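Below you'll find the structure, written out as structure tokens, and then a few comments.
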Amino acid sequence: MLDKKNFVESVIDRKLGLYAIVAEARAEIRQTESRRITAPGSSEHVRFLRSLVFFLISPANARPINLSDDDFQILRPVAQHLVDQYDLSPEILASFGRPERR
């Protein structure tokens with residue numbers, strides 16, 4: 001897949017829950033790392049997915065320090081989706097700053 005936004009949209013479209021998203025991200029990390037020939041952007045994609053997993057499973061939903069502001073904002077729809085599914089507390093949305101307009 002190797003596209004951050006496509007990954008986020010895919011897990012939301014399929015209505016995956018917290019643990020399924022984490023499992024999907026980990027599987028994609030393994031798949032990307034196991035390829036003999038590294039595709040352009042694969043290390044960036046793996047870094048993003050690892051940051052996503054860290055953010056979702058850390059007890060305080062700590063913001064990953066190695067994620068740019070723009071990449072962190074890509075996680076907002078996943079967080080909102082998981083809040084809507086009651087998989088995460090609404091407080092997680094405060095991590096993203098002001099609310100996104102719907």
Task: Residue ID - modelled with the lowest pLDDT, chosen from residues in the stretch 1-32 that are under 19 Å from LEU67 (Cβ atoms) and of a type in the set (D, E, K, R) - done: ASP3
Task: Odd one out for TYR86, checked against (1) in a helix (DSSP H, G or I); (2) modelled with pLDDT of 90 or more; (3) surrounded by fewer than 16 Cβ atoms within 10 Å (Cβ to Cβ) - done: (1)
Open item on the list: I'd like the full set of residues that are more than 15 Å from the chain's Cα centre (by Cα) and on the phi > 0 side of the Ramachandran plot, limited to the stretch 11-48.
Closed with: GLY41
Task: Cβ pairs under 6 Å, 6+ apart, first in the stretch 43-61 and under 15 Å from VAL8 (Cβ atoms), second assigned to a helix (DSSP H, G or I) and among the basic types (Lys, Arg) - done: PHE48/LYS4
Open item on the list: So PRO77 ticks every box in (1) surrounded by 17 or more Cβ atoms within 10 Å (Cβ to Cβ); (2) within 17 Å of ALA25 (Cα to Cα) but one. Which box is left unticked?
Closed with: (1)
TODO: Go through the stretch 27-42 and give me each residue that's part of a helix (DSSP H, G or I), touching a Leu at 6+ places or on another chain (Cβ under 9 Å) and free of Cβ contacts under 8 Å to residues at least 40 places away in the same chain.
DONE: GLU28, ILE29, THR32
Task: Count - residues of the stretch 1-26 that are surrounded by 12 or more Cβ atoms within 10 Å (Cβ to Cβ), outside any helix (DSSP H, G or I) and not hydrophobic (A, V, I, L, M, F, W, C) - done: 2
Task: Selection within the stretch 27-46 - out of contact with any helix residue (DSSP H, G or I) (no Cβ under 9 Å at 6 or more places or on another chain) and surrounded by 13 or more Cβ atoms within 10 Å (Cβ to Cβ) - done: GLY41
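The values are calculated or read from the model by the stated rules, or taken from the named source; none is laboratory data. A quick note: this is a predicted structure, and the numbers were derived from the prediction, not measured. FYI the Cβ positions are ideal-geometry reconstructions off the backbone, even for glycines, and counts take in every protein chain you see.
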